[in-house]
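Q: Encoded as structure tokens, here's the structure I'll be asking about.
The values are calculated or read from the model by the stated rules, or taken from the named source; none is laboratory data. Remember, it's a predicted structure, so these values are computed and weren't measured experimentally. Positions of Cβ are backbone-derived with ideal geometry, glycine not excepted, and every protein chain shown enters the neighbour counts.
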Amino acid sequence: MKYLDEFNDPALAKRLIDDIAATVTRPWAIMEVCGGQTHSIIRNGIDQLIPDQIEMIHGPGCPVCVTPLELIDKALAIAARPDVIFCSFGDMLRVPGSGRDLFRIKSEGGDIRVVYSPLDALKIARENPDREVVFFGIGFETTAPPNAMTVYQAARLGIPNFSMLVSHVRVPPAIEAIMQSPTCRVQAFLAAGHVCSVMGTAEYPSLVERFAVPIVVTGFEPLDILEGIRRTVHQLEAGTAFLENAYPRAAPADGNPAARRLLADVFEVTDRGWRGIGVIPDSGWRLSAKYRSFDAEYRFQVGDISTEESAVCRSGEVLQGFIKPHECSAFGTLCTPRNPLGATMVSSEGACAAYYLYRRLEGVPTPDGRQVVGSIG
Ligand code: SF4
């Protein structure tokens, strides 16, 4: 299949791996920002195919994982109201809040509906004028345009019973926060191509310059990621740092200007809490004053809910690349996809879920108390 098979070619992959192996002379730590890239790396064993000197650090680019506990609890409070139809993408339903999740609310009688597009939620609102319909709008820059379009349409069509609980986050401030951490080990970044397909690449040169860190924009197929690693290693070994776009087929330098204009109209930049990490200045979007009446947080007065993260879950350290998922003592024992303690074990882009799904179980106790050595299967 075009655009899939051609980016999975084993012979080309071997050529890229050989080039990386011939270039690398010392250890390097490279962070892939996006959770989709993390899953591709683990699923295809890319981290095991490249030379041992290169460590792939898994970044915070999973929107479900970084949605703060406080916002999940706000979603649960709104979803439990009898006058509300709460609409969400399916992967948010099992994300644990302080005490329960959306599935629990649904089992207790909440009207919670899984939708495949925010516009589906708008349709439900038009069909149910006597109910409040709330869409849980989370994600990075990639999912922001359809959410912005939905709010824009709600305003244009005059649908007053629709609102959105917004938790949008932005990649560049997260990279800045990671680089400013005193314990940062990251020496280069693979930037998420789909984010750049919307936003373009203009936000990255200042980060490259300020932190002298190579950033290579790349995609999600195995050859995309290997090419991103190859270009990154060439820069690191040469002692240079610049922005490269290894994904021009989908991410033009100016991104999608029409989408950016819509985002600038509907959203405004705000500080945003990242689950397990804390507040990162200017790292999120909320609805702009013009569209504030569609903001579920204001409409349902849930602004004063505050919570504390689980003491057991170390997802904040996973999301910042300080530990690998299997280094969390709960991984695979107390915490599994069936009984998740943190969002990184639930989400289809979460690093803990990737390690569990693809059997990276080193060090995890077996039922008879022994420890698994090496990957299984
Ligand atoms: S394994 Fe579970 S408890 Fe540990 S960091 Fe991951 S999500 Fe949190």
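Q: Give just the number: which of (1) at negative phi; (2) more than 16 Å from the ligand (Cβ to nearest atom); (3) touching a strand residue (DSSP E or B) at 6+ places or on another chain (Cβ under 7 Å) does residue 282 not satisfy?
A: Every condition holds for residue 282 apart from (1).
Q: Oh, and also: Can you find, within region 341-354, the residue that is surrounded by the most Cβ atoms within 10 Å (Cβ to Cβ) among those that are more than 8 Å from the ligand (Cβ to nearest atom) and hydroxyl-bearing (Ser, Thr, Tyr)?
A: Across region 341-354, the extreme among qualifying residues is 347.
Q: If you take the residues in region 5-39 that are of a type in the set (Asp, Glu) and assigned to a helix (DSSP H, G or I), which one is nearest to residue 352 (Cα to Cα)? Steps first, please.
A: Within region 5-39, the first condition is being of a type in the set (Asp, Glu), and the residues that meet it are 5-6, 9, 18-19, 32.
When the remaining residues are screened for being assigned to a helix (DSSP H, G or I), the result is 5-6, 18-19.
On the way: 5: 27, 6: 29, 18: 29, 19: 30 Å.
Here the residue is 5.
Q: Given (1) more than 16 Å from the ligand (Cβ to nearest atom); (2) aliphatic (A, V, I, L, M); (3) over 24 Å from residue 34 (Cβ atoms); (4) under 22 Å from the mean Cα position of the chain (by Cα), identify the lone condition not met by residue 305.
A: So the condition that residue 305 fails would be (4).
Q: Being without any contact (Cβ under 8 Å) to a residue 60 or more places away in the chain and within 19 Å of the chain's Cα centre (by Cα) is the requirement here; does residue 110 meet it? Outline the logic, then answer.
A: Numbers: without any contact (Cβ under 8 Å) to a residue 60 or more places away in the chain: yes; within 19 Å of the chain's Cα centre (by Cα): no.
When the stated conditions are applied, residue 110 does not pass them.
Q: Additional query: Does any residue of region 263-278 turn out to be farther than 30 Å from residue 164 by Cα and not aliphatic (A, V, I, L, M)? Walk me through it before giving the result.
A: Residues of region 263-278 that are farther than 30 Å from residue 164 by Cα, as a first pass: none.
No - not one qualifying residue is present in region 263-278.
Q: Let me ask something else. If residue 238 meets every condition in (1) in contact with a Ser or Thr (Cβ under 7 Å, 6 or more places away or on another chain); (2) more than 26 Å from residue 277 (Cα to Cα) apart from one, which number is that one?
A: Of the numbered conditions (1) in contact with a Ser or Thr (Cβ under 7 Å, 6 or more places away or on another chain); (2) more than 26 Å from residue 277 (Cα to Cα), the odd one out for residue 238 is (1).
Q: May I pose another question? If only one of 359, 370 is modelled with pLDDT of 55 or more and away from the ligand (no atom under 14 Å from the Cβ), which one is it?
A: Working: 370 fails: modelled with pLDDT of 55 or more.
The match here is 359.
Q: Further, regarding this structure: Could you list, in sequence order, the residues of region 328-340 that are aliphatic (A, V, I, L, M) and either within 18 Å of residue 70 (Cβ to Cβ) or more than 6 Å from the ligand (Cβ to nearest atom) (or both)? Please lay out each step first, then the result.
A: Residues of region 328-340 that are aliphatic (A, V, I, L, M), as a first pass: 330, 334.
Within region 328-340, 334 is the sole residue that qualifies.
Q: Can you give me the number of residues within region 148-175 that are of a type outside the set (A, V, I, L, M, F, W, C), in contact (Cβ under 8 Å) with a residue 60 or more places away in the chain and in a helix (DSSP H, G or I)?
A: Residues meeting the conditions: 2.
Q: Return the only residue of 24, 95 being β-branched (Val, Ile, Thr) and farther than 23 Å from residue 217 by Cα.
A: Working: 24 fails: farther than 23 Å from residue 217 by Cα.
From the options 24, 95, the qualifying one is 95.
Q: Turning to a different aspect of this structure: Tally up the residues in region 214-229 that are surrounded by fewer than 22 Cβ atoms within 10 Å (Cβ to Cβ) and either more than 16 Å from residue 38 (Cβ to Cβ) or touching an Asp or Glu at 6+ places or on another chain (Cβ under 6 Å) (or both), please.
A: Qualifying residue count for the region: 1.
Q: Take region 324-338 and flag every residue that is surrounded by 17 or more Cβ atoms within 10 Å (Cβ to Cβ), more than 17 Å from residue 349 (Cα to Cα) and under 21 Å from the mean Cα position of the chain (by Cα).
A: If the condition is that a residue be surrounded by 17 or more Cβ atoms within 10 Å (Cβ to Cβ), more than 17 Å from residue 349 (Cα to Cα) and under 21 Å from the mean Cα position of the chain (by Cα), then 328 is the only one that fits.
Q: Hey, among 242, 211, which residue is among the aromatic types (Phe, Trp, Tyr), in contact with a strand residue (DSSP E or B) (Cβ under 9 Å, 6 or more places away or on another chain) and away from the ligand (no atom under 16 Å from the Cβ)?
A: Working: 211 fails: in contact with a strand residue (DSSP E or B) (Cβ under 9 Å, 6 or more places away or on another chain).
From the options 242, 211, the qualifying one is 242.
Q: Since residue 52 meets every condition but one in (1) farther than 19 Å from residue 186 by Cβ; (2) among the charged types (D, E, K, R); (3) surrounded by fewer than 20 Cβ atoms within 10 Å (Cβ to Cβ), which condition does it not meet?
A: (1)
Q: Give the residues of region 189-244 that are within 14 Å of residue 31 (Cβ to Cβ), among the β-branched types (Val, Ile, Thr) and outside any helix (DSSP H, G or I), sorted by residue number.
A: If the condition is that a residue be within 14 Å of residue 31 (Cβ to Cβ), among the β-branched types (Val, Ile, Thr) and outside any helix (DSSP H, G or I), then 213, 215, 216, 217, 218 are the ones that fit.
Q: Further question on the same structure: Go through 138, 175, 159 for me and flag whichever is under 16 Å from residue 118 (Cα atoms), under 15 Å from the mean Cα position of the chain (by Cα) and hydrophobic (A, V, I, L, M, F, W, C).
A: Working: 175 fails: under 16 Å from residue 118 (Cα atoms); 159 fails: under 15 Å from the mean Cα position of the chain (by Cα).
138 is the lone residue from the list that is under 16 Å from residue 118 (Cα atoms), under 15 Å from the mean Cα position of the chain (by Cα) and hydrophobic (A, V, I, L, M, F, W, C).
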